[in-house]
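Structure first, commentary second.
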Amino acid sequence: MTLFGEKFYPTLNKLSPWRQSLFALVLAHRQFPNFELWVDTVKHKGKAEFNFALKKLWEYHLDKFNHIDLEKVLDVFDPFVPDPDKDGDSLGTLFALDAAASLTAAFDAIILHQGDEAEIASRSSLASVVRMVENNTEEDLDEDAMREQELVDNEINFQIDLMEMLRGAKRDPDLAKMLIKIAIKDHVSNIGIEQNDLHGCRYEDYAAHNSHAGKN
């Protein structure tokens with residue numbers, strides 16, 4: 001589906017690596033409750049590692065002079081990425097996989113900076129929304145009908161607003177702090193899932209940092 005139109009992804013792919021990383025990070029953080037629900041439902045591990053990766057990447061963006069080894073951080077989370085071959089292809093698994101893909105893209109935008117990481121996160125987040133809509137309706141929706149769904153409309157507008165915000169932004173701690181607030185607003189995900197456990201998952205837990213503190 002080309003629900004965004006023809007100009008969105010070419011524009012998104014022109015963003016600098018750190019902007020693409022922040023775009024993907026906001027979407028990944030917004031999908032954290034989806035990953036958390038899957039973990040709690042299937043009694044899987046990985047919630048703490050997902051949250052650890054979020055915190056370290058926010059820390060990275062809060063201090064541009066940091067010395068955080070992002071590859072090392074990503075290696076901590078990578079073993080807990082859902083595997084449909086092992087974990088099944090239930091709706092919950094696919095939601096968790098989309099969240100993991102967005103989080104990985106947020107790291108890869110800095111580590112690899114191939115130029116399509118924000119698009120990967122965008123498509124992953126939208127895929128979860130489309131799956132949720134399809135799961136909740138008995139009729140087959142064409143692209144026009146899908147675009148009119150409130151959940152889809154909200155997701156598309158959220159991503160467009162986020163991209164426009166980042167296009168002209170300067171890299172500084174205030175930007176990252178503002179994006180954290182946007183990412184965790186109401187602790188509700190892109191598909192309407194509420195976060196179960198707020199311990200260690202509030203704004204202060206992500207926005208607090210010490211200058212040059214990420215030396216690990």
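What follows is calculated from the coordinates using simple rules that are stated; it is not laboratory data. As the structure is a prediction and not an experimental result, all values here were calculated from the model. A quick note on method: Cβ atoms are made from the backbone with ideal geometry, for glycine too, and the neighbour counts reach across all protein chains shown.
Descriptive notes on the structure:
- Working note: Cα gyration tensor of the range 1-99, eigenvalues times five, square-rooted, sorted largest first, giving semi-axes of 25, 21, 10 Å.
- Taking N as the residue count of the chain, its C-alpha radius of gyration divided by 2.2 N^0.38 Å amounts to 0.97.
- Pairs of Cα atoms nearer than 8 Å and 6+ residues apart set the relative contact order; for the chain it is 36 percent.
- Using the alpha carbons alone, the radius of gyration of the range 92-197 stands to its Kirkwood radius in an Rg to Rh ratio of 0.98.
- When the range 58-190 is described by a simple charge dipole with +1 on each Lys and Arg Cβ and -1 on each Asp and Glu Cβ, the residue from Asn157, Pro173, Val130 located farthest towards its positive end is Pro173.
- Highest average packing first - 166-175, 52-61, Cβ atoms within 10 Å: 52-61, 166-175
- Membrane-span-like helices in the chain (whole DSSP H runs, Cα extent of at least 24 Å along the helix axis, mean Kyte-Doolittle hydropathy of at least -1.0): 91-111, 117-135, 150-167.
- For the peptides 5-12, 26-33, the ranking by mean Cβ contacts within 10 Å, running from highest to lowest, is 26-33, 5-12.
- Glu204 versus Lys72: modelled label distance in nm, points set 7 Å from Cα along the beta carbon direction: 2.8
- Among Asp153, Asp116, Asp140: highest mean-square fluctuation, GNM of the chain, C-alpha pairs under 10 Å: Asp140
- Mean residue ellipticity (222 nm) of the chain, computed from DSSP H runs ≥ 4 via -39,500 (n - 2.57), nearest 500: -19500 deg cm²/dmol
- FRET efficiency, 1/(1 + (r/R0)^6) with R0 41 Å, evaluated for Thr11 and Val42 via beta carbons: 0.65
- Bins of 5 Å, starting at 0 and running to the largest distance - Cα pair percent for the range 60-144: 3, 13, 18, 20, 18, 12, 7, 5, 3, 1, 0
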